[in-house]
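Undergrad: One structure, as structure tokens, below. Some questions next.
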Amino acid sequence: MLDTALSMLNAAPLPRFRLYTSPSLYARLAAEILTGRFYRGEDAIDRFEHAVATFLNSDNKPSLRCVAMPMARVAIYCAVKALVHPGESVVMSPYTIADVVNMVIAAGARPIFADVDPESGNLRIDEVERLIDNNTGAVLATHFYGCAADVAEIARICRQRKVWLIEDAAQAFGCKLHSRRVGTFGDVGIFSFGMYKNINAFYGGAAVVRDEDLEARLRAEIANYPREPLATYVPRLIKGVITDALTYPPVFKSFSFWLFRWAFLKNVHAINNRLVIDIDPKRTDTIPQDYLRRMSPAQARVLLPQIAGVEAANRERIRKAKLYYQGLKDISEIVLPPHRSDGSHIYTYYCIQVSDRRRLVRFMMKHGADTPESYHRNCADLPCFEAFARECPTARSVASSLVYLPTYGRYSDAEIRRNIGLIRDYYGYDQLDSSANVELGPAEA
């Protein structure tokens, strides 16, 4: 019996993700709630906004202004509402969650889907340039999976064509392009501090701008929103505790992995659907009322100390991505993400694309690896957005072929090498020397 248990522990992997949390974060939030301090101390919001603006303002341009938001998607809604006239269009990627499209629609604009780059999944420059017309109010450029889009060129096109640029950097906090933080190239930069992001308040977001008038319009939009109520925040916090418990390595290796593995291999949707988002996308023409909240001072207080650790965590994910790159670069059946070590890709996951995704993931699961399929969709193909349908073949291909390989800080190099070994075995390639190591040189660090 004991031998069987030990064998299961040795065979099971580390989980596909761990939340960017700690016992001290939970303890602090519990204390904030139990002592009634959750909504006290408005200055915490000001200090948080100043800290975010200072962190992002790496280009010595005019000072950034940060506005705390309840979620990144609400920040997108507010930005579109502030910048785009009703009925104007927003050129955007279809490869995203449905709610991002809904925020554009709810703000009164019309989404125009532009196809994406086959490696990064980000907007293609030629598509942006071609689709901007006299009715275009803005371009919404996403830095997907922590990979910086060619936003400097997109910004140049937007200035030339006199349209606004909104950067969705929800997955790219701390990412740099040409030594400048993403989210600062456009007129508005959008960030997320939700439960699965690299700094985490379970809910939360921000919009950053340089224009004082635009800042005033964003603040006016959210001024009358109520604070995030405990009735919705506490369940989110409890979900975080449960997620952390299920992905705690001893629990995951002895129980969670085997449950999730069984559910995946047996197509048990009641369990599988709990591991992804956007299961049942629907069009929404008005923003849900429960989105219209303001960040609480307690959320700002738990976010503030996390900013200091962003750079080191980003460097560690870049190092892990280099391990994957060196182990997979010779496999012709795989499309790898852009290989960058200059901080312009922070690799929230190492995302590979394969034509036989389901078979590969099943093989990985069977052989003790927790490597999921991407849950993002090509919204240009979704029935709920039929009114905005457009042929985006690359977005369709990326959405149907992308697999996540874990890169988070607590994910071990040994697990990465196991993933590489399994993928090489699946495609019939020789194994690499398992003693090889990867370190970043001075220019890459």
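A short reminder: the numbers here are calculations on the coordinates, not readings from a lab. Note that the coordinates shown come from a computational prediction; the quantities given were computed from them, not determined experimentally. Virtual Cβ from ideal backbone geometry, glycine too; neighbours counted across all protein chains shown.
Undergrad: Please report the antiparallel percentage of DSSP beta bridges with both residues in the chain, rounded to the nearest 5.
TA: Working: 21 of 38 bridges.
Rounded to the nearest five, the antiparallel share is 55 percent.
Undergrad: Scan around ASN122 for amide H atoms under 5 Å from its own, H built in the peptide plane at 1.01 Å from N, and keep only partners 5 or more places away or cross-chain.
TA: For ASN122, the qualifying residues are ASP117.
Undergrad: Kindly provide the helix-only [θ] at 222 nm of the chain, computed as the sum of -39,500 (n - 2.57) over DSSP H runs of four or more divided by all residues, to the nearest 500 deg cm²/dmol? Write out the running numbers ahead of the final one.
TA: Numbers: 16 runs with 177 residues, N = 445.
That comes out to -12000 deg cm²/dmol.
Undergrad: May I ask for the distance between the Cα centers of segment 98-164 and segment 16-54, given as a whole number of Å?
TA: 33
Undergrad: State the label only: which of (i) 34, 27, 22; (ii) 46, 27, 19; (iii) 37, 33, 17 corresponds to semi-axes √(5λ) of the Cα gyration tensor in Å computed from the shown model?
TA: From the options (i) 34, 27, 22; (ii) 46, 27, 19; (iii) 37, 33, 17, the structure gives (i).
Undergrad: Additional query: Give the span of segment 40-130's Cα atoms along each principal axis, as three whole-Å numbers ordered largest to smallest.
TA: Cα extents, longest axis first: 45, 29, 23 Å.
Undergrad: Next up: Checking a compactness column here: for segment 315-428, what do you get for Rg(Cα) / (2.2 N^0.38 Å), N being the number of residues? Could you put the intermediate results ahead of the total?
TA: Numbers: Rg = 15.1 Å, N = 114, 2.2 N^0.38 = 13.3 Å.
In units of the 2.2 N^0.38 Å rule of thumb, it is 1.14.
Undergrad: Can I ask one more? Looking at the chain, which longest stretch skips every one of the GluC sites (Glu not before Pro) that is in a DSSP loop with at most 13 other Cβ atoms within 10 Å, leaving the sites themselves out?
TA: Counting at most 13 other Cβ atoms within 10 Å as exposed, the longest clean stretch of the chain is 43-390.
Undergrad: Going by how many other beta carbons lie within 10 Å of each one, how would you line up LEU405, LEU56, LEU432, fewest first?
TA: On the way: LEU405 26, LEU56 23, LEU432 15.
Neighbour counts put them in this order, fewest first: LEU432, LEU56, LEU405.
Undergrad: Using the alpha-carbon atoms, what tilt in degrees (0 to 90, nearest 10) does helix 43-56 show relative to the longest principal axis of the chain?
TA: Relative to the chain, helix 43-56 is tipped by roughly 70 degrees.
Undergrad: Amide H to amide H under 5 Å from ILE112: which residues, 5+ apart in sequence or cross-chain, H placed 1.01 Å off N in plane?
TA: Counting only residues 5 or more places away or on other chains, the set is VAL90, VAL91, MET92.
Undergrad: Which far-off residues, 5 or more places away or on another chain, put their amide H under 5 Å from the one on THR96, with H placed in the peptide plane?
TA: Close amide H contacts, sequence-distant or interchain: ARG377, CYS379.
Undergrad: Related question: For segment 151-166, take each phi angle, set θ = phi - 60°, evaluate the Karplus expression 6.51 cos²θ - 1.76 cosθ + 1.60, and give the result in whole Hz per residue in order, putting x for glycine and proline.
TA: 6, 5, 6, 4, 5, 4, 4, 4, 5, 5, 8, 6, 10, 6, 10, 10
Undergrad: Lys and Arg at +1, Asp and Glu at -1: add these up for the other residues within a Cβ distance under 13 Å of ASP126 and post the number.
TA: Values: positive: ARG124, ARG130; negative: ASP115, ASP117, GLU127, GLU129, ASP150, GLU153.
Taking every Cβ under 13 Å from that of ASP126, the sum is -4.
Undergrad: Using the Karplus curve 6.51 cos²θ - 1.76 cosθ + 1.60 with θ = phi - 60°, what ³J(HN,Hα) values do you get for each residue of segment 345-351, in whole Hz, with x for Gly and Pro?
TA: 9, 9, 6, 4, 9, 8, 9
Undergrad: Next up: If you add up the charges near LEU432, with Lys and Arg at +1 and Asp and Glu at -1, over every other residue whose beta carbon is less than 10 angstrom from its beta carbon, what do you get? The partial results should precede the final answer.
TA: Numbers: positive: ARG417, ARG424; negative: ASP330, ASP430, ASP433.
Spelling it out: positives minus negatives among the neighbours equals -1.
Undergrad: Moving to a separate point now. Excluding residues on the same chain fewer than 8 positions from LYS162, give the lysines whose Cα lies under 24 Å from its Cα.
TA: Excluding near neighbours in sequence, the set is LYS61, LYS81.
Undergrad: Can you tell me, using C-alpha contacts under 8 Å and at least 6 residues apart, the relative contact order of segment 25-222 as a whole percent?
TA: Values: 380 pairs, mean separation 45.7, N = 198.
Here the relative contact order equals 23 percent.
Undergrad: Here's another thing I want to ask about it. What is the angle, in °, between the Cα long axis of helix 2-11 and the longest principal axis of the Cα atoms in the chain? Nearest 10 is fine, range 0 to 90.
TA: Approximately 50 degrees, to the nearest ten.
Undergrad: Now for a separate question. How high is the relative contact order of the chain, given as a whole-number percent (alpha carbon pairs under 8 Å, six or more residues apart)? List each step's numbers first, then the result.
TA: Values: 827 pairs, mean separation 98.6, N = 445.
Once divided by the residue count of the chain, the mean separation gives 22 percent.
Undergrad: Another question about this same structure. For TYR427 and ALA27, what is the calculated FRET efficiency with R₀ set at 51 Å and r taken between the beta-carbons, to the nearest 0.05? Each step should come with its number before you reach the end.
TA: Numbers: r = 46 Å, r/R0 = 0.90.
Step by step, r from the Cβ atoms, then E = 0.65.
Undergrad: What is the projected area of the convex hull of the Cα atoms of segment 25-222, averaged over all directions, in nm²? Please list the in-between numbers first.
TA: Values: hull surface 44.8 nm².
Its average projected convex-hull area is 11.2 nm².
Undergrad: Can you tell me the orientation of helix 23-34 relative to the chain, as the angle in degrees between its alpha-carbon axis and the longest Cα principal axis, to the nearest 10?
TA: Between the helix axis and the principal axis of the chain, the angle is about 50 degrees.
Undergrad: Could you identify which residue out of HIS339, HIS269, HIS376 has the top mean-square fluctuation in a GNM of the chain using Cα springs shorter than 10 Å?
TA: HIS269
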